[in-house]
Amino acid sequence: MLETQKQDLRKQLEAVLFAAGRKMAVDELARLCRTTPAPVQQQLQELKNEYEAKDSSLLLIDEADGWNLT
């Protein structure tokens, strides 16, 4: 996956989680973003690291059965 594709996927994931306002499973996120679960999981972790690095007021939480943006 190219870096631009990774960035686009992170943006899609962020938008979907923000709009949903609820915890979502990786499989559901992958389906909505039209990709497979592996890159979704990887980019969610990258997005979480970005939020933590810039001390954002938003939190991306990895729960046992899904991800939640709060």
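Every read-out reported here was derived from the displayed coordinates using simple, explicitly stated rules and does not represent laboratory data. Quick caveat, the model's predicted, so the values are computed rather than measured.
Points worth noting:
- Listed values (1) 122; (2) 78; (3) 104, entry calculated as volume of the Cα convex hull per residue in Å³: (2)
- Candidate lysines - alpha carbon under 18 Å from LYS54, same-chain residues fewer than 8 apart omitted: LYS11
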